[in-house]
Amino acid sequence: MSYKLGYTDRFKETLSDISREDTIRILKKIGWITQNAEQLQHERLREPPVGLEEICKYQVGFYRVLYWVDHAKKEITVYDIIWRKGKYRELYRR
């Protein structure tokens with residue numbers, strides 16, 4: 001069963017800075033995550049910043065999609081996309 005999908009403004013802003021090819025691949029993978037949310041084991045960040053507890057990550061090429069899963073509401077909210085090499089540091093500065 002498909003989960004509802006929500007996006008933060010931060011995600012929309014970051015997505016506009018990514019190449020069209022990568023954007024398409026990321027959006028397809030997010031759609032796949034919503035279709036398979038009940039079967040997936042959602043990997044959480046090991047030491048998330050304050051306010052981002054319970055946030056999960058999923059690798060898509062050189063990027064990580066950061067999102068929350070609410071199984072009770074059957075909803076996924078995409079927080080942001082970060083480049084996997086070295087960009088986790090920026091997450092803690094926000």
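For the pair K4 and E21, the difference between a 0.36 nm per residue extended length and the Cα-Cα distance amounts to 3.7 nm. Dipole orientation for the chain: of the candidates G61, I24, Y3, G61 has the Cα lying most toward the positive pole (charges on Cβ; Lys, Arg +1; Asp, Glu -1). Put simply, the Cα atoms of the range 1-42 extend 31, 21, 15 Å along their principal axes, the longest span coming first. Note on the chain: Cα Rg divided by 2.2 N^0.38 Å, N the number of residues, gives 1.02.
Here, each number is a calculation from the coordinates, and none is a lab measurement. Quick caveat, the model's predicted, so the values are computed rather than measured. No Cβ is skipped: glycine too gets one built from the backbone with ideal geometry, and neighbour counts run over all protein chains shown.
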